[in-house]
Each structure stands twice: as C-alpha cells, then as structure tokens.
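Peer 1: After the structure tokens below, expect a handful of questions from me.
The values are calculated or read from the model by the stated rules, or taken from the named source; none is laboratory data. Note that the structure is a prediction, hence the values are computed from the model and not measured. All Cβ positions, glycine included, derive from the backbone under ideal geometry; neighbour counts span all protein chains shown. The area values use the complete protein model at the heavy-atom level, side chains included, leaving out ligands, DNA and RNA. Shrake-Rupley method; radii C 1.70, N 1.55, O 1.52, S 1.80 Å.
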Amino acid sequence: MQARFIIGIGNKTNVPILSYTATSPYLSANQSKYFVRTALDDASQVPPIASLIQYFNWRQVVLIYEDSDFGRGIIPYLVDALQDADAHIPYRSIISSVPTDDQIKVELNKLKTMQTRVFVVHMSSDIAARLFVLAHDAEMIADGYAWIVTDSVGNMFSTFDQNTVNSMQGVLGVRPYVPQSDKLLNFPVRFLSRYRQQNPGAPDPANPNVFHLWAYDTAWAVATGLRKVGPLTQGFKLPSSQNSNNSNDLSMLAVSQDGPGLIDAIRATRFQGISGEFVLVHGQRQASAFEIFNVIGNSYQGAGFWIPKFGLSKKFITSFGPSDTVGLNTVIWPGGSAQPPRGWEWPVAGKKLKIAVPVKPAPNPFVDVKKNLVTGKFDVTGYCIDIFEAVMQEMPYAAPYEYVPVVDPNIVTNLTISYSEICYQVSLKKYDAMVGDTTILINRSSYVDFTLPYTESGVQMVVPMKKNWSSSLWVFLKPIEPILWAAFLAVFVFTGFIIWLVEHKESRDFGGGVGKQFVNIAYFCFQALLAVPKDPKLKKWLSKFALINLVLLVWLLEKLYSASLTSMMTAHQLQPTVFDLNQLISNGDYIGYQGGSFVKDFLKSHKVEEHKIRNYSSPDQYAEALMKGSWNGGVAAVFDEIPYLKLFMSKHCRNHSIVGRVYKTGGFGFVFPKGSPLVADVSRAILTVTEGDKITDIEQKWFGRDVVCNSKADAIEPASVVTWSSLRGVFFITIGLWAVAGIIYALLWFFPRQEEERVAELAIEHVHGNRDESIIWRIDRDSHLVIRLRGNPPPPADDAGPQCAVARPESGHDGVEPTPDVRNVEAPEEQVQTVELPLLPASSGNNEAVNEAEAAENSQNTGRLLRRK
C-alpha cells in the first residue's frame, strides 16, 4: 500500500522513485514511467521452482504463503508454471500475516493428514522462521518430506538464529545468484568500516545480504544518471491555484522540470554492479541466474544453478557444456537421506481409501457383490478383486482401503449403472478409486487416470453355429466362389475360340458345320481339364500357346479346388451363422451386449441402430438369446470384451464360436482421480503381479484351466473358399500373355512369308473302325512324290510282266475286284478325284514295290488318293 502511494506521488511530481525492496508482482514499472524497480520481481523465481518440481518428478505440490499482497502476488504465476510442469496443487495453506503459534500448528496438522509431502513456502522471513521451528516439532522435517523456500527466505537466511537453521535441515532454497568479484569480496569490509564510523558503539550488523547489494547498485545507478544529465537547474514548478481549493491537496505538489530527463538517464543506465550486471528493461531489473541452495549443518551448501537459457545445472555455465553438468549436485533431504522423496506418503492420521465397486444384478466371476445378512456388510469377491488385493500387497507402503458397492437404484429392473458414470464420480472425488472390470477408453481417460491394464484387450462377437453345407447337393461348387467360376468359364470359351480361329483352315477336324465345329472345340478343350490332348494335333504355335495357358490354369485351380473341397468335407459339420459386423448390419439382425458396459456406445459408433441393440447381464442369458435367434426375441450375435467371451465359451463352447475381427481396447484397469499419486505405484505393482505366477493362480481359481474353447478349429472360415481376389493375378498374367501372342500373330498375319506355288495336294486318310487319320502333302511344281508300299502283296496277274512293280488291289472276299470309288470334289481352279481302295491282306513276307512314275494306288491300309484329273 505504501509503495503504491509513493509511486503515485512520484508519477504526479515527475520525481523518479527507485525501490530495491519492492518485489511484489502487483507493483509494475509499466504502470508509471517514474517508477524503477532495482530488485527482482518475485515472479522471476517461479521458473526455477517449477524446474525443481519437474526435475524430481513430483506431481502434487502444496503452496504455503502469507495472507498479504506480498504473499499472494506470486501465486498465480506459480499455479501456471506448475501446470506446465504437469504438477497439481491439491491444497493451499494460507498463513495470517500476523499469525499465532496455534494458527500455524492448525495448518501444519492439516498438512500432516494429507498425502502430499512437497511444500513450497513463500512468506516473510520472520514468519518462515517460526513455521519451520513448529514444523520440526511436529516431525514434518523428516523422511519423505520436501520443503522449498523462495528468495524471501533465502535472501534473509543469514539473519536466522541457530535454532531456526537446525529446524530447516534438508530444506531447498532459491535465491538470486550474485557472481563473485573483487568488489563483492571487499564490500563486507568496507560496509562494516563505514557502519562503525556512522554508528560508534553499536553492535556489528549481520553480513550484508542481497538487499544491501541492490541498495548499493541503486545508488550507483542514480549517480550515473545524474552524471549524464548534469546539474539539475530547472527546479520544480507549482501548479496553478485554480486547480484546487485545498492547500493540502496532492494536486498542489510542485512538478519537477528535471525529472523526465533524469528518469530517462537512469532507465538507460547499464554497468557491472556489485550484485552483478545492472540492466533495466522497461524499468525492471532482469535476473541473470538463480542459485539453488541446500540447508545442511550450521549453514547451507550450493546444490546447483538455474540459468534462463540452460535450466538446472550443477555449475554456473554461460554456454552448453557436457551432459554431466545438467541437473543438481547431491541434495541432503529432511531426515538425512540423499534419496529424493517420492512426493507423497500415506498419511498416518488419514482415512481409508474409498474403493467404488460396481454391483451387478447377476452373479459374476469378475466382480461379485453380496450382502451378508448376518453382519449387514457387503462381501466383495471376484477375479478383479483378487487382482487388486494382490497388487496392493505389492505396494511399497501400506494403503488402507475399504470397498464401497455402487448400487443402481434401478437394479430391480436388471439395469446396471454405467461404468462411465462411476468413473465420473471418481473424477469428482466422491470415491478415491474404482475397482472392477473397467475398460480403459480414450473418452474416460479425459477425466480420470487409469493404471496399466491387467488383462488382454479387445472386443469381439460370439455367434451360434449352424449345420455346414458339406451335405448340400451343390457342395462341389462351394470351394470356388461364383465369380471365379465365371472367370474360368470365360477363359475356357476364349481358349476354344482361339484354337478354332487359328486351326479351322488347316485342319479338317475343326471344319464342317457350325454345330460340328462347336462340339469339336468344346470336346477338345474339355480334354485339357483332364490331360493335355494328343489328338488331333495342333498345327499353329498360337493355338498351342493358348492351350498351354489353359492347361497351367487348370492345373493350379485343380490343386486349390481339391484342397478346399477336402477341407470342407472333412471338417466339423458346423459353421458360424455370420462372420462380421457388416453382415449383421446388412441383415438387419439384433445384437446383444453386456448391460452397463461401453459396448453399446461402441456399436452405435459403428452405425448399428439403437433399437437393434439388446442388453443382457449373464452368460446364460447370452446363450438363451443366441438360441432364439434375431427374429424370435433373441439376437444373432453378442458383442463383449474378450475376457467375458472366454468365460462364456468355457460354458457354452459346443454350439457357439468367437468370430470376426478384434476391435482393440485398452483392457481392464483400475480407475483413480486425475493426478492421483497412487497411479504410478499401482501400475508398477500390476506389472509385478502379471509378470509372476500370481496372475495364473487367480485365473485358474476363477475360470479353471481350460478357459477358452477352441471353437475356431471346429468352424469353417470363409478363407477356405478360393476367391477371385486371391487368383486374379493369375488371370491377369494369362490375359497379358494372350495379348502379347496376339500382337505377334497379327504382325505375322500382315507380313506373311512368300510360299512356293502349289500344284496339287496328296491326302491319305486311314480309316479303321471309328478312328480316322489323315495326312496331307503339298506337291509343288518342281517336286516329286515317292510312295513306298510295305507289306506282302499277292502274286501279279498273268498278263503282267515280271518287270511290273506296281501293286494292284486284290479282289474282295467274293472274288470280284471292287470298282474304285471315284468322287469329284469341287475346288476353285481344279478337280480332284478321290479313289478309295480296299485294304490289302498282309502275309509273313516283307516285299517292297516302288512306282516312281505315278502315285501308288495300293498301301498297307485303305487310302484315298487325291490326284489331278
């Protein structure tokens, strides 16, 4: 109040006001041009304090401060800085500016019953001295406690008596750093000498503190400013008497005419003072560094420094140094330990933890709450409860607790209270924690803290099994999906078309009428499904290439088809009714879930209509609903978390299956309020339990050894069917090869090779029963044909000379020589006779007759000779 009044007068009269003791943030040099603060603002020490909290990883801090403008001024800055350091302030202890010892003891007793053991003290040095003496008597300067004092205490530490210092053992403090210099070393001697001259006979004062140094530098700054502006000759100017009727009115104060120039000179002053570099920014002295000190023995020791650019450092540095300089030197804490306190302890006089436990309408192996009719208390048991109790046994300290069942008022209607609602009540600190089958979800983590999960995570669905179609009439079509059948049929037809297109002009087997050509091509390609056809022979390389492609594709499909069909025919005769959530939605089926869980919101988020969702409370109800089916008052599937589905399958494995994708969740965890210090310790204890044998024993106790039924081994998944997507690459390769061959064939078609002129053709067809073979020779102009007859021809006729070597056909069985069958075959430029001769009988001899004059008319087999008329 006094400082503000003086600042107001200086602003009114243009007289510079310099203060080396006004440290409250409420006073700002920006409010008045003529106010200059040569001391440091209390808010400047907030960053080093927040760095200490963050360095020791403390998550909760209690502020103890004086109930005055000086005490309250730093609090908003501390709150913001601690929030940035991820630290929470659960309580603020406010001490009267004129407190009694009893008032201080009352506050200390409150603090003693709290969990938090980290205290930041900001108050005048005389009140702080009394506080620490009483705290030491209350055994609060002991193991597990951490005390940090601001510079209001640190700057005045040299004035404390020995009793106060003994009561502050292990306290950490923050104060402005004063660099060592010759001026500083000589200052105490000069100060003491001047003091004795001005105060003869008076006792010697205490060693100079930082306020003495700031006062010296302030006087030096004024002197430097006066030297710059020169003599002050303009004096003061009185205001006009018309401005006021009261001679005592402040408006009648004279206004300095030299003030504006002097204040500008002072604000621009910069020099190396006895307390360090003197620099003013907007009329405010700037901090260069802070010293972290640790009270040990009869005095203190330096623990490190805080530098604006580098943070905490073991040494005072002006640039980035080696990593071993980061942090603090060894600190001795209250109680004499060098181990940093955890920051919180379970209070000796504290109450028990209130653990919320959800109550369900049906017995549940995870959490089961029953009321003892004899004692009137609730008996809480279950898998989750055993896990929690095992975890609490692994805690490094004792944390007493009691279970508080949370009962839904509508429990008579089988409605379970929402777990999210209980989590919200924990966030409001109605309960200290929640234990149960609570799933870790992102939306819940926004208002509560979860421990590490103690179960596997995920949501899946369980569906009833139906009779498999391995006994169906059309089961042989099931191994390959319809689109793949259609693709194969297209390849089959296209291959036949290619072979016909290429071969029908060269081969008589692919000629004839349209019906005959179609049957021949279909029969020929069908042979490729069983083996490579050998008859008729293909003449063109393109048709051979197309056939090879078809054979390779048939071979691959045959292998996959056989494997898939074998799997279907030999597998168990049950399969799931549905396989995924999308199928349920498209069918419009009803879906079940466990009442009170988050699964309802999960289903709604996946576009399941709310009226299609039905809630149940026990595995038996699941089984009954699945047996009824979606359209008979039941459901087609039940969605739940994996641990619950395992429990369901352990009892109802025979006719049900867990199918579909696993929708990942965080698993089951314990719930605590935001910022609870228990979370870290409980999470570490969970790791100890889950990595050991305790978790196995607990699971066997509640679920038995065979918790999960291997239902998937009895179910036929859609993956056993050969799909188009799995083989489309093969078809694309086949099409690509066809395209390349087609381009080559087209090039050869447009650029044909020059062939020799044909004169005639000789075609010999061998007919034997239902089989026939034909051979065609081209007869060119300059070529000749030699036919060799192998066999034992009959003796020649009487009129034939011995030199005749042409074999003649023998008479038929009736002794009459057959007349040759002569037919005219029309051709564009020539007529060809077809002569059909009977088969000559063979004998044991091997004679050979050769007629080189004309084409032979006899052969071992009946033949057709084509010759020019």
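Peer 1: Using modelled amide H (1.01 Å from N, peptide plane; none on Pro or chain starts), what sits under 5 Å from the amide H of PHE35, excluding residues fewer than 5 places away?
Peer 2: ILE17
Peer 1: Enumerate by residue number the chymotrypsin sites (Phe, Trp or Tyr not before Pro) in region 595-668 meeting two conditions: DSSP loop (anything except H, G, I, E, B), and at most 14 other Cβ atoms within 10 Å of the site's Cβ. Don't skip to the answer; put the middle values down first.
Peer 2: Numbers: sites: PHE598, PHE602, TYR616, TYR622, TRP631, PHE639, TYR644, PHE648, TYR663, PHE668; in loops: PHE598, TRP631.
Hits after loop and neighbour filter: TRP631.
Peer 1: Here's a follow-up. Identify all lysines with a Cα-Cα distance to LYS112 below 28 Å; exclude those on the same chain that are fewer than 8 residues away in sequence.
Peer 2: List returned: LYS351, LYS352, LYS354, LYS429, LYS430, LYS674.
Peer 1: I've got another one for you. For LYS540, go through the lysines and keep the ones whose alpha-carbon is under 18 Å away, minus same-chain ones fewer than eight residues off.
Peer 2: LYS505
Peer 1: Shifting gears a bit: Please find the FRET efficiency linking THR113 to ASP67, where r is the Cβ-Cβ separation and R0 is fixed at 30 Å, and quote it to the nearest 0.05.
Peer 2: Values: r = 21 Å, r/R0 = 0.71.
Step by step, r from the Cβ atoms, then E = 0.90.
Peer 1: Hey, could you pull the Cα Rg and Dmax for region 186-345, both in Å?
Peer 2: Reported Rg and Dmax, both Å: 24.0, 72.
Peer 1: VAL551 to GLU456: extension gain in nm, 0.36 nm per residue of separation minus the Cα-Cα distance?
Peer 2: Numbers: separation 95, 0.36 × 95 = 34.20 nm, distance 4.97 nm.
So the chain would gain 29.2 nm between VAL551 and GLU456.
Peer 1: Right, here's the next one. Per 0.36 nm of contour for each residue apart, how much would the distance between LYS604 and ARG196 grow if the chain were fully extended, relative to their Cα-Cα spacing? Spell out each step's value before the answer.
Peer 2: Details: separation 408, 0.36 × 408 = 146.88 nm, distance 8.60 nm.
Length gained between LYS604 and ARG196: 138.3 nm.
Peer 1: Would you work out what percent of the accessible area of region 79-223, with all protein chains in place, is carbon or sulfur (probe 1.4 Å)?
Peer 2: Working: 3490 of 6820 Å².
Within region 79-223, the accessible surface is 51 percent carbon and sulfur.
Peer 1: Whole-Hz ³J(HN,Hα) for each residue in region 155-170, computed from phi via Karplus 6.51 cos²θ - 1.76 cosθ + 1.60 with θ = phi - 60°, x for glycine and proline: what do you get?
Peer 2: 5, 9, 4, 5, 8, 6, 7, 5, 4, 5, 5, 4, 7, 10, 4, x
Peer 1: Roll a 1.4 Å probe over the protein chains and send me the accessible area per residue for region 658-698 in Å². Can you show the working numbers first?
Peer 2: Values: 1700 Å² over 41 residues.
Heavy-atom SASA per residue in region 658-698 reads 42 Å².
Peer 1: So, R0 is 30 Å and r is the distance between the beta-carbons of ALA362 and TYR397; what FRET efficiency does that work out to, to 0.05? Walk me through the numbers before you get to the answer.
Peer 2: On the way: r = 37 Å, r/R0 = 1.23.
Using R0 = 30 Å, I get an efficiency of 0.20.
Peer 1: For a Förster distance of 22 Å, can you work out the FRET efficiency between the beta-carbons of PHE271 and ASN186, rounded to the nearest 0.05? Present the calculation step by step, with values, prior to reporting the outcome.
Peer 2: Numbers: r = 17 Å, r/R0 = 0.78.
Between PHE271 and ASN186 the formula returns 0.80.
Peer 1: Give the long-range amide H neighbours of PHE278: residues separated by 5 or more places, or on another chain, with amide H under 5 Å away, using H modelled in the peptide plane at 1.01 Å from N.
Peer 2: PHE271, GLN272, GLY273
Peer 1: Moving to a separate point now. Counting only protein heavy atoms and a 1.4 Å probe, tell me what percentage of region 575-615's accessible area is made up of carbon and sulfur. It would help to have the intermediate numbers written out before the result.
Peer 2: Values: 810 of 1890 Å².
Carbon and sulfur: 43 percent of the exposed surface of region 575-615.
Peer 1: Can you work out the accessible area per residue across region 34-144, with the rest of the protein chains kept in place, probe 1.4 Å, in square angstrom?
Peer 2: Numbers: 4220 Å² over 111 residues.
That works out to 38 Å² for each residue.
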